[in-house]
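Peer 1: Can you read through this structure? Questions will come right after.
Nothing in this text is a laboratory measurement; each read-out follows from the coordinates by a stated rule. Bear in mind that the values here come from a model prediction, so they are computed numbers and not experimental data. Cβ coordinates were reconstructed from backbone atoms using ideal geometry, including for glycine residues, and neighbour counts include every protein chain displayed.
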Amino acid sequence: MTATIVTPPPAVAHPADRSGRAVAALALLAVLALPWALAGGAPAIGLAWAGQAMLWPTIAAAAALPACVWRGAHGAAAALAGALVVWTLLAGFAGGAGGTSFGLGAALLLAAATVSGARSIARRGAFKADVTVSTIVVVIASLLGLFIFYPVGRSLFSALVDEHGGFALGLAAERLLTEDIWGLACLAGGAHCGVAVNSAILATVVGLLSTLIALVLALAVQRGGLRQAWLVKLMSVLPIVTPPFVIALALVVLFGRTGLVTGWLGSAFGVPRSRWIYGLPGVTLAQLLSFTPIAFMILHGALAAISPALEEAAQTLRASRWRVFRSVTWPLLRPALANAFLLGFVESLADFANPIVLAGNYEVLSTKIFFAVAGAQHDPGRAAALAMVLLGFTLLAFWGQQRWLGRASYVTVSGKGDGGIAARLPTGLGRLCMGVSAAWIVFTLACYAVILVGGFVKDVGRGDMTLSLTHFGAGFGIDTGVGGLTFTGSAWNSLFTTIEVAAVSAPLTAVIGLLAAYVITRHQFAGRRSFEFLTMVAFAVPGTVIGVAYIVAFNTAPLELTGGMAILVLCFVFRNMPVGVRAGVAALAQIDKTLDEASSTLRASTLRTLRRVVLPLLRPAIVTTLVFSFTHAMTAVSAVIFLATAKYNLSTVYIIGRVEAGEYPLAIAYSTVLIFFMLAVLLLVQRYTGDTRLGRRAGGALVTGH
Amino acid sequence: MSATSSGGVDFEGVSKRYGAVTAVDDVSFRIAPGELVTLLGPSGCGKTTTLRMVAGLEPVSAGTIRIGGADVTLRAANERDVSMVFQSYALFPHMNVLDNVCYGPLSMNPDKARARELARAKLEMLGLSSFEQRLPSELSGGQQQRVAVARSLVLEPAVLLFDEPLSNLDAKLRRRVRQEIRELQQSLSLTVLYVTHDQEEALAVSDRIIVMDGGRIAQQGTPHELYETPASRFLADFIGDANLVDGEVAVGASGAVFSAGGTAAPVRGERVRPGPATLALRPQRLRVVPAGQGVLPGTCRRSAYLGSRHELIVDTPWGELLVFDADMHRSHRSGDALGIDFDADAAIVLPR
């Protein structure tokens, strides 16, 4: 359809090729001068001389690459770069678990070769000869391949092998198709169902109820004239800053065997104490409290987008309020309702924190995977099989959502300043909505009140309400001594590590996500759709699955990353990247494309356009992504519970440890500190940018769990 | 001038296809250096697509584009010696006026002092020196447009492109701004390709007009040629107003005669062939005369007072005709009988 560029490269190198030459030279530098292995030591050339013959082709290619780039032989350079990367990776894997792990030299070589290859294929005509676009696409695709597809693929593959490493399909079938996973006994009155069935039931119930409650709340706020609308909106923001098990903890404190409400019911009405909260009811309640706010945001937005003119038209056509609601409002809401349901469904499936505290004997996939790895059984194959099932469920829901989003359109407002007033709800429905909303608000506030209070009293779980700061002291004590301030509290280590990891990963997430969004929206190239899909797939993978995948894939040579901080950062960056992409795509849609074109007609290269025109205008999206990535990294648990170590412990992991040890007050105190810290960060950012919209889920995308 | 002289655009057999849809179909034209050529046509005719292909913002499906003799077909926008003034001006909202105008020179040469010097010269030429520090949002529409022009001019391009530059201005401002653009172009001898859908604007500023319809060139020529001798019904109707009457032409010893609806009238004789034809009559060339006189008898059906003229719809044997009556001393009411007269050379004969 369009003319392809087939002009051969000029004999004299393009002046901008200075960067290209520098990159290729870096590859050579990496093999000649930098330590190849993780443990340090000789550069590749030294190791090859000492006997590692597999490295010679790598060195030869790394030497030939700058030569090709210098001469302008870009086709050869691209092929060489590709071969270099493939050979180095294969040689690394061939070394097996006992081989050398990649260190600085290897990492730099792979990076330089990838970039050089990207530049060369652009000079040969790919990506419309745009070097910047080519580099962005190739580098991001490679990173995704390395840090999402490879680990998940390898981990799923381990479900198919036995403990000696041999391929065993029979064993895989045995692992996957057991009663344990798929049993339906409980539906027929029996005691237990399979874990997959449990997860599915829980997810469906939570999805339905959260959507329903969110609908009631949205109707009450928008149409029922709820005066405390501001409160409901505030409550929608809370889940962003709340560590994942805070709600579960609060429920235990309130309704546990020795809980506050249980005790009051027992003494006031003689209701016997029980452990009803542990199991399906408790987890459902906790998940509802956690996920309804997000469903509320979706439905609230959808209701607001329904033009009042439509309902007014219905009224002038003699429709009663009920008929207006049934025939106009409800059908227009259906896509948003489906979206909210799927969101609740997937969040429930991927949720780890609430089940681990409250599920008791009600096994769900996320916790079972955890116990398969961290518990006494230690069966990675089994964990991988369960991960396969969980991933299958979320991919199914993700696919379902893409199909819905692809077809349905939510917005009926034409942008011409609709001056209508939304119809009020029919009286019966209105009262119901107000009632349910009031109950909901009270309940949520009670939970947060418990958390707030719990850190400051002796033992809120046992009803001991004497004011005391011992828990804060235990966790966050500071001593002023001879050497200055010493952080004696047991919680400081994890807090500092968490802040550090979050602060490092947030900017990286923003950069990668926004660059990806830029090339997706502003440039046309072959495979753009697939690239876009690749960047969003990370959304569909639950945290537990990624966590397991990372410890399987990155535990041994050649990519040995576990035990360090790097793996935590990487995990956060690639799990949160889709948020950056979504925010970037939404923001770029608001920026007139003609600005890019004007820049181009003013002789600016793509890189210059990106730096001087696009990025400055993307500032709100950058801030949104930074804030979201930061808070998400601070509150994540389901992936990092596998990756945290004693040296690099994270807040959420530490808190879970306290919960499992029964030290509830300290866990609550720590959660309070986290909440306030993140609220402070949020407020600071809002002050600085004046941006009140966090746009956490632009377009209602699915994000799987914390 | 020769094809390889500096400036000048050669558009040779260019097509643009989007899947099954052909937006531009084998179009060829030439813009001589120092000429202002307008692409004119209704929405969807392909004029904007053509402009964007000259700019390098759309790749061509077939054909060649030459600028200043060099083949630029495969070059990206930032590698062509072409600048463009966008319909929305596309001023960078986060940069002030001076930085906007400096952007082009800085892309080519990082010398800030030199860029500022060039920018200031152009800003002064356009009367914008006192607005240097302002942001685009602090300027009026007309001022923004001049900044956009300054920004394009500062690179002294071989070809300057305008994409409907007046569409965002209010009606009063349009006449003044189009005169300014024309004067600027003539004083600097710029080669300009101009796109608009407003035919009055096209007639006012252009050296030559290329009318496009359905992705093809319907006619090209000077404004005078297009107005006086349109080649088809579409062109007669598109440029200016025209009454179109279908009838027969007979050529006799005294010249050509057009007849329809039982009434005949003499028309311009050169190069008119006998047979079925369409007559195009400009409303302002039709004169209202007392009933019984003139070429056609008529009854006034409707009359509208427009200040500078009356617009009359007159029922005649040739159908309903639109007539502009500039004589404001009299007025006609619905039902009045009157006559319509016109000069033989005011009627344009189009083949059918």
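Peer 1: Trypsin sites (Lys or Arg not before Pro), restricted to the range B:247-331: which are DSSP loop and have at most 16 other Cβ atoms within 10 Å?
Peer 2: Counting only loop positions with at most 16 other Cβ atoms within 10 Å, the trypsin sites (Lys or Arg not before Pro) in the range B:247-331 are B:Arg271, B:Arg309, B:Arg330.
Peer 1: Can I ask one more? Just tell me how shielded A:602-610 is by partners: mean number of partner chain Cβ atoms within 10 Å of each residue's Cβ, no decimals.
Peer 2: Across the residues of A:602-610, the mean count of other-chain Cβ atoms within 10 Å is 6.
Peer 1: Take peptide B:92-105, look around each residue's Cβ out to 10 angstrom, count Cβ atoms belonging to other protein chains, and average those counts. Don't skip to the answer; put the middle values down first.
Peer 2: On the way: counts 8, 6, 6, 3, 0, 0, 0, 1, 2, 1, 1, 8, 6, 2.
Average neighbour count from other chains, rounded to a whole number: 3.
Peer 1: Counting only helical runs of four or more DSSP H residues, what would the 222 nm mean residue ellipticity of chain B come to if each run contributes -39,500 (n - 2.57) and the total is spread over all its residues?
Peer 2: -7000 deg cm²/dmol
Peer 1: What's the percent breakdown of Cα-Cα distances in chain A across 20 Å bins, shortest bin first?
Peer 2: 16, 46, 32, 7, 0
Peer 1: Next question. From the phi angles alone, apply the Karplus equation (6.51, -1.76, 1.60; θ = phi - 60°) to the range B:145-160 and give each ³J(HN,Hα) in whole Hz, x where the residue is Gly or Pro.
Peer 2: 5, 5, 5, 4, 5, 4, 4, 6, 6, 4, 7, 6, x, 5, 10, 10
Peer 1: Okay, moving on. Taking only DSSP H segments of four or more residues, each worth -39500 (n - 2.57), what value at 222 nm results for chain A once the sum is divided by all its residues, to the nearest 500 deg cm²/dmol? Mind showing how you got there, number by number?
Peer 2: On the way: 31 runs with 459 residues, N = 706.
It lands at -21000 deg cm²/dmol.
Peer 1: How many angstrom lie between the C-alpha centres of the range A:454-532 and the range B:231-254?
Peer 2: 80
Peer 1: Now a separate question. Please label the shape of the range A:291-373 as rounded, prolate or oblate, based on the square roots a ≥ b ≥ c of the eigenvalues of the alpha-carbon gyration tensor (a/c under 1.5 means rounded; beyond that, a/b larger than b/c means prolate, else oblate).
Peer 2: Prolate.
Peer 1: How big is the gap, in Å, between the Cα center of the range A:319-398 and the Cα center of the range B:187-202?
Peer 2: Using only Cα atoms, the two centres lie 61 Å from each other.
Peer 1: Let me ask something additional. Taking H placed 1.01 Å from N in the peptide plane, check which residues at least 5 places from B:Val85 or on another chain put their amide H under 5 Å from its amide H.
Peer 2: Under 5 Å from the amide H of B:Val85: B:Leu161, B:Phe162, B:Asp163.
Peer 1: Here are some pairs, A:Lys128/A:Lys593; B:Lys47/B:Lys172; B:Lys16/B:Lys122; which of them have Cα atoms lying more than 29 Å apart in this structure?
Peer 2: Check vs 29 Å cut-off fails for B:Lys16/B:Lys122.
Peer 1: Next question, about the same structure. Quick one: which residues, 5 or more positions from B:Val267 or on another chain, have an amide H under 5 Å from its amide H? H modelled 1.01 Å from N in the peptide plane, none for Pro or chain starts.
Peer 2: Counting only residues 5 or more places away or on other chains, the set is B:Ala256, B:Val257, B:Phe258.
Peer 1: Check B:Gly41: other-chain or 5+ apart residues with amide H under 5 Å from its amide H, H built from backbone geometry?
Peer 2: Answer set, sorted by chain and number: B:Thr196, B:Met212.
Peer 1: Can you pull a Stokes-Einstein diffusion coefficient for the range A:504-552 at 20 °C (1.002 mPa s), Rh from Kirkwood over Cα pairs, as a whole number of µm²/s?
Peer 2: 172
Peer 1: Tabulate in residue order the Karplus-calculated ³J(HN,Hα) for the range A:39-50, using 6.51 cos²θ - 1.76 cosθ + 1.60 with θ = phi - 60°, rounded to whole Hz; enter x for Gly and Pro.
Peer 2: Rounded to whole hertz, the list is 7, x, x, 6, x, 3, 5, x, 5, 5, 4, 6.
Peer 1: Continuing with the same structure: Taking the Cβ of each residue in A:Ser120, A:Ser101, B:Ser28 as the centre, tally the other Cβ atoms inside 10 Å and list the residues starting with the fewest.
Peer 2: B:Ser28, A:Ser101, A:Ser120
Peer 1: Taking C-beta distances below 4.7 angstrom as the pairing criterion, name the unpartnered cysteines of the protein assembly as shown, in sequence order.
Peer 2: A:Cys68, A:Cys433, A:Cys447, A:Cys571, B:Cys45, B:Cys102, B:Cys300 - these cysteines have no disulfide-compatible partner (Cβ-Cβ under 4.7 Å) in the protein assembly as shown.
Peer 1: So how tilted is helix B:97-108 from the main axis of chain B? Cα-based, degrees 0 to 90, rounded to 10.
Peer 2: 70
Peer 1: Given the convex hull of the Cα atoms of the range A:30-141, what is a quarter of its surface area in nm²? Walk me through the numbers on the way to the answer.
Peer 2: On the way: hull surface 27.4 nm².
Hull-based average projected area comes out at 6.8 nm².
Peer 1: Take peptide B:81-90, look around each residue's Cβ out to 10 angstrom, count Cβ atoms belonging to other protein chains, and average those counts.
Peer 2: Shielding by partners across B:81-90 averages 4.
Peer 1: What trypsin sites (Lys or Arg not before Pro) does the range B:33-89 have in DSSP loop regions with at most 10 other beta carbons within 10 Å? Walk me through the numbers on the way to the answer.
Peer 2: Working: sites: B:Lys47, B:Arg52, B:Arg66, B:Arg75, B:Arg80; in loops: B:Arg75, B:Arg80.
Hits after loop and neighbour filter: nothing returned.
Peer 1: Show me, for the range B:161-170, the HN-Hα J-couplings you get by feeding each phi into the Karplus relation (A = 6.51, B = -1.76, C = 1.60, θ = phi - 60°), rounded to Hz, glycine and proline as x.
Peer 2: Running phi through 6.51 cos²θ - 1.76 cosθ + 1.60 with θ = phi - 60° gives 10, 10, 9, 6, x, 9, 5, 8, 9, 6 Hz.
Peer 1: Another question, then. Can you order the peptides B:292-299, A:629-636 by their average number of other Cβ atoms within 10 Å per residue, highest first?
Peer 2: Per-residue mean Cβ counts within 10 Å order the peptides as A:629-636, B:292-299.
Peer 1: Now for a separate question. On a 0 to 90° scale, report how tilted helix B:171-188 is relative to the longest principal axis of chain B, with both axes built from alpha carbons and the result rounded to the nearest 10.
Peer 2: Between helix and principal axis, roughly 60 degrees.
Peer 1: Also, I was wondering about something else. How many angstrom lie between the Cα centre of the range A:10-82 and the Cα centre of the range A:552-596?
Peer 2: What the calculation gives is 27 Å, centre to centre.
Peer 1: Show me A:205-211, A:384-390, A:599-605 ranked by packing, highest mean number of other Cβ atoms within 10 Å first.
Peer 2: A:384-390, A:599-605, A:205-211
Peer 1: May I ask you to list the chymotrypsin sites (Phe, Trp or Tyr not before Pro) in the range A:252-343 that are in a DSSP loop and have at most 10 other Cβ atoms within 10 Å of their Cβ?
Peer 2: In loop regions of the range A:252-343 (DSSP not H, G, I, E or B), there are no sparsely surrounded chymotrypsin sites (Phe, Trp or Tyr not before Pro).
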